[in-house]
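What follows is a short report on a single structure.
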Amino acid sequence: MQVDLRSSWWIRNVEITTRLVLAPMAGVSVQAFRRQGRRYGAGLVCSEMVSCAGLQHGNEKTLGYLRIAPDERPLAVQIFGSEPGVMAEAARMVEDAGADLVDVNFGCPVKKVTKTGAGATLLEDPARACEVVAAVAEAVDVPVTVKMRRGIENGSRACLELGPRLVESGAASLTLHPRSARQMYTGQADHSLTAELVSLVDVPVIASGDVTSRARAQAILATTGASAVMVGRAAQGNPWALREIVDGAAGGEPPREEVVAELVLFMRETVRELGERRASGFLKKFYGWYLGRGRFPRPFKQELVQLETLDEVEARLFAAAPGAAEVLERLESELPSGEDDVVLDLPISIYGGG
Ligand SMILES: Cc1cc2nc3c(=O)[nH]c(=O)nc-3n(C[C@H](O)[C@H](O)[C@H](O)COP(=O)(O)O)c2cc1C
């Protein structure tokens, strides 16, 4: 049976109006990315993972992750850590900042995180994982959700044992990225595990991993019984993929003017968020993501990366797609106004948190 991707579902009292969730991605999921995701059809967006220790210490950079704009909501802020008390305190701060959901990361495969006992390590430490979820759920009124990998080792089925216990501990929804931590991003997500997890729990399950098209999204929803799909890498520099997945918008590449207009809007918003200096470095990977996929000749990206200032990058982009200025004007006029222009010195965190 085909699922209507534009139908509502709920995580407790939080209504999510489409079946598409934008993935949390460290070093990617800035506010500009999340707001763009909402415009293109994501019903729920998520911050990248935020260190609970950083929040506890009042680290200014970490606190920057708690900046939430009204047009992002509903929004989940994801936290990671392994100390139940510290995670509970972090969850309270996330709730106070206005997040609709607190998401707990049990999937990050990166050493810097797993060696502290957090992220994917908790998949194999069920007692502590449950303590963390129970403490967090006790601390806040908003629903608490968990994002997991299948387990640490290849072939592991740890998520199936752990998932129901996390629900008993208070998780209101589970997201499964059915790769092992060892796999990082190699191989394929095995969504037969997602189907098994759905059959074991009575909360909504979100399927994450290798959702790149409407056909794939429909197939995963139909075969797993998941409530929604999560899209990560396919949306990098490519919000059009989200529209295609949700609305079945005619495939094919967007016109160059639109690509440049969205990129420039993204650049401007990111500068407001991170400040010019940090934004310059942060944005470099996005040039390739936006301008690749055969949209512009390869050397063009190289040229942009070497320019000194973002003003120069903008000028070069407009020169390559003269109609883009008009498209950008329209986009900017359609955005909700009155956003604060506070610049936060946000960190560019480690790559690959789940
Ligand atoms: C660059 C990058 C950063 C990521 N950071 C996070 C993160 O902070 N928290 C998390 O739970 N998952 C993180 N992930 C995992 C994604 O949320 C998602 O589960 C995974 O990429 C599979 O989905 P995809 O095939 O649609 O990309 C990250 C993935 C990538 C590629």
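A few comments on the model shown:
- Between residue 303 and residue 335, the FRET efficiency estimated from the beta carbon spacing at R0 = 45 angstrom works out to 0.95.
- Max mean-square fluctuation residue, GNM over the chain, Cα-Cα springs under 10 Å, options 57, 191, 177: 57
- Dividing the Cα radius of gyration of segment 178-331 by 2.2 N^0.38 Å, with N the residue count, gives 1.24.
- Projected label points at residue 115 and residue 202, each 7 Å from Cα along the beta carbon direction, are separated by 4.4 nanometres.
- Computed over segment 103-204, Kirkwood Rh from alpha-carbon pairs, angstrom: 13.3 Å
- Additional length obtainable on full extension of the chain from residue 10 to residue 285, 0.36 nm per residue less Cα span: 95.6 nm
- Part-to-part distance (alpha-carbon centres) for segment 37-56 and segment 292-318, which is given in Å: 28 Å
- On Cα atoms only, tilt of 256-274 relative to the major axis of the chain in degrees: 60 degrees
- Close amide H pairs (under 5 Å, H built 1.01 Å from N) link residue 27 with 349, residues at least 5 positions away or on another chain.
- For segment 216-221, Karplus couplings with θ = phi - 60° (6.51, -1.76, 1.60), whole Hz, Gly/Pro x: 5, 4, 4, 5, 5, 4
- Residue list for segment 268-292, given a label point 7 angstrom along the Cα-to-Cβ vector of residue 185 and an amide N cut-off under 18 Å: 282-292
- Heavy-atom SASA rank of 311, 103 (probe 1.4 Å, accessible area, largest first): 311, 103
- Here the 3J(HN,Hα) profile of segment 99-113, calculated from phi with Karplus coefficients 6.51, -1.76 and 1.60 at θ = phi - 60°, is 5, 7, 9, 10, 9, 10, 8, 10, x, 4, x, 6, 3, 3, 8 Hz, Gly and Pro shown as x.
- Only Cα sites of segment 1-120 enter the Debye sum here, all with the same form factor; the resulting log10 I(q)/I(0) across q = 0.13, 0.16 1/Å is -0.51, -0.75, listed in q order.
- Coarse-grained scattering of segment 69-142 at q = 0.16, 0.23, 0.27 Å⁻¹, given as base-10 log I(q)/I(0) from a Debye sum over alpha-carbon atoms: -0.54, -0.96, -1.17
- With N counted as the residues of the chain, its alpha-carbon radius of gyration over 2.2 N^0.38 Å works out to 0.96.
- Net length gained if the chain between residue 71 and residue 250 were fully extended (0.36 nm per residue, minus Cα distance): 61.8 nm
- Under-5 Å amide H pairs with residue 78, H placed in peptide plane, nonlocal only: 47, 50, 103
- Accessible surface, per residue, of segment 137-260 when the full set of protein chains is kept, probe 1.4 Å, Å²: 37 Å²
- With the Kirkwood sum run over all distinct C-alpha pairs, segment 165-228 has a hydrodynamic radius of 12.2 Å.
- Contour excess over end-to-end distance, with Cα ends at residue 311 and residue 17 and 0.36 nm allotted per residue: 102.1 nm
- Computed 3J(HN,Hα) for segment 143-149, one whole-Hz value per residue from the Karplus formula 6.51 cos²θ - 1.76 cosθ + 1.60 where θ = phi - 60°, is x, 10, 10, 10, 10, 10, 9, glycine and proline marked x.
- The share of accessible area on the chain that comes from carbon and sulfur is 49 percent, using a 1.4 angstrom probe.
- Residues whose amide H lies under 5 Å from that of residue 173, counting only those 5 or more places away or on a different chain, are 146; hydrogens are built 1.01 Å from N in the peptide plane.
The values are calculated or read from the model by the stated rules, or taken from the named source; none is laboratory data. Everything numeric in this text was worked out from a predicted model, so none of it was measured. Cβ sites come from the backbone with ideal geometry, for glycine too, and all protein chains shown count toward neighbours. Surface accessibility is based on the protein's heavy atoms, side chains included, excluding ligands, DNA and RNA. Shrake-Rupley method; radii C 1.70, N 1.55, O 1.52, S 1.80 Å.
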